[in-house]
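**Student:** Supplied in structure tokens, the structure appears directly below.
The values are calculated or read from the model by the stated rules, or taken from the named source; none is laboratory data. Quick caveat, the model's predicted, so the values are computed rather than measured. Backbone-built Cβ (ideal geometry, glycine too); neighbour counts: all protein chains shown.
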Amino acid sequence: MKYFVRIGAQTIEVQVEGTRVLVGGEALEAHLVAVPGTPLYHLLLGGQSWTVAAQPLEGGVGRWALGVVGERVEVEVVDERTRQIQALTGGRVAAAAPGTIRAPMPGLVVRVEVEPGQRVDAGAGLVVVEAMKMENELRAAGAGVVAAVHVAPGQVVERGAALVTLESAEPSG
């Protein structure tokens, strides 16, 4: 999957294929693991080890404040499809509409971090799925209310399986 990472005025193309990452055309081996109960991630990139703090920012999906080696950097990450939509519409894509969060790959549900009726903010952790010995925390793209949890810890899921359904946090009508 191809992503575009904007840091200040610079945009870097990043292509992710399993544990292989192309950053600006340079191939690197990458492993990212969440540190449970913290906003920290352990990143092994090209043989170098980093601890990264990640915090979602207000004002849109894909905006993050990253803390690395005592420095804070704000980044915006969009996938190829979102970037094409932005190019066509001339703007950023609004927060994702409510809907069902699906497993991006086959794996084992390690934790379910929400329950039906719970309000969540953009970036809130919903479900942790382990795949290829790596834990992947799936997060809410936008604020909402958990309408349903479709999985339980210990359950094996296939790619595309429904995990959590979110509804709009805004009252209708």
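**Student:** Kindly check whether there is at least one residue in region 37-47 that is touching a residue at least 40 places away in the same chain (Cβ under 8 Å), of a type outside the set (Asp, Glu) and under 23 Å from residue 125 (Cα atoms).
**Tutor:** Of all residues in region 37-47, those touching a residue at least 40 places away in the same chain (Cβ under 8 Å) come to none.
Within region 37-47, not a single residue is touching a residue at least 40 places away in the same chain (Cβ under 8 Å), of a type outside the set (Asp, Glu) and under 23 Å from residue 125 (Cα atoms).
**Student:** Okay, next question. From the list 10, 15, pick out the single residue that is surrounded by 13 or more Cβ atoms within 10 Å (Cβ to Cβ), without any contact (Cβ under 8 Å) to a residue 24 or more places away in the chain and polar (S, T, N, Q). Break it down stepwise before answering.
**Tutor:** Values: 10 fails: surrounded by 13 or more Cβ atoms within 10 Å (Cβ to Cβ).
Criteria check complete, one pass: 15.
**Student:** Go through (1) hydroxyl-bearing (Ser, Thr, Tyr); (2) assigned to a loop (DSSP other than H, G, I, E, B); (3) surrounded by 14 or more Cβ atoms within 10 Å (Cβ to Cβ) for residue 41 and report which single condition fails.
**Tutor:** Condition (2) is where residue 41 drops out.
**Student:** Take region 50-70 and flag every residue that is modelled with pLDDT of 75 or more, within 16 Å of the chain's Cα centre (by Cα) and among the small types (Gly, Ala, Ser). Lay out the reasoning, then the answer.
**Tutor:** Of all residues in region 50-70, those modelled with pLDDT of 75 or more come to 50-57, 62-69.
Retained after the next criterion (residues that are within 16 Å of the chain's Cα centre (by Cα)): 52-57, 62-66.
Residues satisfying the conditions are 53, 54, 62, 65.
**Student:** Quick check on region 54-61. Is at least one of its residues part of a strand (DSSP E or B), farther than 21 Å from residue 142 by Cα and in contact (Cβ under 8 Å) with a residue 12 or more places away in the chain?
**Tutor:** Of region 54-61, the ones part of a strand (DSSP E or B) are 54-56.
Remaining after also requiring farther than 21 Å from residue 142 by Cα: none.
Looking through region 54-61, none of the residues is part of a strand (DSSP E or B), farther than 21 Å from residue 142 by Cα and in contact (Cβ under 8 Å) with a residue 12 or more places away in the chain.
So that you can scan it fast, the table gives a plain yes or no per residue for (1) modelled with pLDDT under 80; (2) outside the structural domain of residue 42 (by TED's automatic domain parsing); (3) part of a strand (DSSP E or B); (4) exposed (fewer than 15 other Cβ atoms within 10 Å of the Cβ):
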{"residue": "72", "(1), (2), (3), (4)": "no, no, yes, yes"}
{"residue": "82", "(1), (2), (3), (4)": "yes, no, no, no"}
{"residue": "135", "(1), (2), (3), (4)": "yes, yes, yes, no"}
{"residue": "142", "(1), (2), (3), (4)": "yes, yes, no, no"}
{"residue": "145", "(1), (2), (3), (4)": "no, yes, yes, no"}
{"residue": "148", "(1), (2), (3), (4)": "no, yes, yes, yes"}
{"residue": "152", "(1), (2), (3), (4)": "no, yes, no, yes"}
